[in-house]
Amino acid sequence: MGHEVEVTGWRAGFNGLSCDQVWLAGTPRPRRSRIRWDLPIAGALAVIGIAASLWGVVSSFR
C-alpha cells in the first residue's frame, strides 16, 4: 500500500483494469513468463471432467 506501481493490462468494463503484470515504478520491467499456465490448467480440468463422466457412464452399466 502506498507504493507507485506500473502495470500492463487492458481496460475491463467502465472503470476497471485487468492486469497481466504489476511491478514497482522505477524498477526494470520483469520478464514475462514463457508459459501461459491458464490454458494447460483449463485443459487438464476439462480432461479430468470428461474422464470422470465416462467412468460414471461405464460403471453404471456394470
### Query
Does region 1-31 hold any residues that are surrounded by fewer than 10 Cβ atoms within 10 Å (Cβ to Cβ) and within 14 Å of the chain's Cα centre (by Cα), and which are they?
none
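Whether any residue in region 24-44 is part of a loop (DSSP other than H, G, I, E, B), in contact with a strand residue (DSSP E or B) (Cβ under 6 Å, 6 or more places away or on another chain) and not aromatic (Phe, Trp, Tyr) is what I want to check. Please lay out each step first, then the result.
Here is the first cut: in region 24-44, the residues part of a loop (DSSP other than H, G, I, E, B) are 25-37.
Narrowing the set further to residues that are in contact with a strand residue (DSSP E or B) (Cβ under 6 Å, 6 or more places away or on another chain) leaves 25, 30.
So of that shortlist, the ones also not aromatic (Phe, Trp, Tyr) come out as 25, 30.
Looking for residues that are part of a loop (DSSP other than H, G, I, E, B), in contact with a strand residue (DSSP E or B) (Cβ under 6 Å, 6 or more places away or on another chain) and not aromatic (Phe, Trp, Tyr), one finds at least one in region 24-44, hence yes.
The numbers here are math on the coordinates, done by the rules we state, and not lab data. Here the structure is a predicted model, which is why all the values come from computation and not from measurement. In this analysis, Cβ positions are derived from the backbone assuming ideal geometry, glycine residues included, and neighbour counts consider all displayed protein chains.
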